[in-house]
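Worksheet: the structure to be examined is printed underneath.
The values are calculated or read from the model by the stated rules, or taken from the named source; none is laboratory data. Please read these numbers as outputs of a predicted model, since none were measured by experiment. Heads up, the Cβs are rebuilt from the backbone with ideal geometry, glycines too, and the neighbour counts pull from every protein chain shown. Heavy atoms of the whole protein, side chains included, go into the accessibility calculation; ligands, DNA and RNA do not. Shrake-Rupley method; radii C 1.70, N 1.55, O 1.52, S 1.80 Å.
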Amino acid sequence: MDNKKSPFEIIKSRYITEKANVLSGLKDAASSQSLKKFDKPKYVFLVNPKANKKEIQWALEKIYEAKKIKVLSVNTINVHPKVKRVRGRFGKTNHLKKAIVTLDAADSLDDQV
């Protein structure tokens, strides 16, 4: 992909939450028949809200070029701001765009952030 953006402008950070850890751990789960289908690792990243799926795929393969990862699919989620009230005043949370990335079954990212 011929991008003028740096890969680090597209991928902001890895998104570590309890749900994201469960999602990345599904590839090792073998407790039931339905969980055995999840043989490919999935990771969640915060990305630039204007980035599309092809740019996200290109940026991740460029960032992890030394590991030679292969991105199979990218699913994106737009998290819109919510109105919050703190000490009687109204404000909004930040707008986020998350990308759930599925890697090839043999690939893995280290758990260091």
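Helix 53-63 and the longest principal axis of the C-alpha atoms of the chain enclose an angle of approximately 70°. Amide H contacts of Asp104 (H built 1.01 Å from N, in plane; Pro and chain starts excluded): Lys70, Leu72 sit under 5 Å, all sequence-distant by 5 or more or on other chains. For the cross-link pairs Lys12/Lys62; Lys19/Lys98; Lys27/Lys70; Lys19/Lys92; Lys67/Lys98; Lys53/Lys97, the ones whose C-alpha atoms lie over 19 Å apart are Lys19/Lys92; Lys67/Lys98. Charge dipole of the chain (Cα centre as origin; +1 on each Lys and Arg Cβ, -1 on each Asp and Glu Cβ, all else neutral): 860 debye, rounded to the nearest 20. Heavy-atom accessible surface of the chain, averaged per residue, reaches 72 Å², computed with a 1.4 Å probe. Just checking my list (i) 27, 21, 11; (ii) 21, 18, 13; (iii) 55, 21, 8 against semi-axes √(5λ) of the Cα gyration tensor in Å computed from this structure; which label fits? Matching the structure shown: (i).
Report, to the nearest whole %, how much of the accessible area of the chain belongs to carbon and sulfur atoms, 1.4 Å probe, protein only. Roughly 50 percent, rounded to a whole number. Close amide-amide hydrogen proximity is noted between Tyr15 and Val44, Phe45, Leu46, each under 5 Å apart and 5 or more residues distant or on a separate chain (H modeled in the peptide plane; Pro and chain starts excluded).
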